[in-house]
Amino acid sequence: MQLPLRSLPTRLAAGAYILHSGLEKWRAPAERAAALHGAASGAYPFLRPIPAALFVKLLSAGEIGLGATLLTPVIRDRVAGAALSVFSGSLLTMYLRTPAMHRPGSVWPTAAGTAVSKDVWMLGIGLGLIAGDLA
């Protein structure tokens, strides 16, 4: 199986970005771990019992794995796209479940939500990889 040439730019850009993000979180200080855990557990209450430091390690490992998946050419586009779509879907769900991140009655972000709302591009890339592979 060969990776289609049309997939290289999106997989490289998304994969490198997500891999870097995961590596940066691996040694996150306690304050950053608490902030990330707080944001996630506010949208996903089942995450509350997980200690912040462990949560950030798991998040970091997930991002490293996803980034590596996107950068590995032998992994089919539909598999990489599905993984990226699930990841970005969870971020967008967190965005929509957190009222401070978007304007009341709207999907448009507040200043606090811009960092997460822009991740909609990852959902587009993921769905595009799936669609391109199935076409």
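Estimated purely from DSSP H runs of n ≥ 4, each contributing -39500 (n - 2.57), the mean residue ellipticity at 222 nm for the chain is -22500 deg cm²/dmol once divided by its residues. Mean separation of Cα pairs under 8 Å and 6 or more residues apart, divided by the residue count, gives the stretch 1-84 a relative contact order of 46 percent. In a simple Cβ point-charge model (Lys, Arg +1; Asp, Glu -1; nothing else charged), the chain has a dipole of about 100 debye relative to its Cα centre. So what's the gap between the Cα centers of the stretch 80-114 and the stretch 4-78, to the nearest angstrom? Cα centres, the stretch 80-114 to the stretch 4-78: 15 Å. Pick out which of K57, K25, K118 has the largest mean-square fluctuation in a Gaussian network model of the chain, springs linking Cα atoms closer than 10 Å. Result for the chain, Cα springs under 10 Å: K118 fluctuates most.
Beyond 20 Å, the tail of the calculated P(r) for the chain holds 49 percent of the Cα pairs.
Read-outs: derived from the displayed coordinates by stated rules, not from any lab. Every value quoted in this text rests on a predicted model; they were computed, and no experiment measured them. Positions of Cβ are generated from backbone atoms using ideal geometry, with glycine treated the same way; all protein chains shown enter the neighbour counts.
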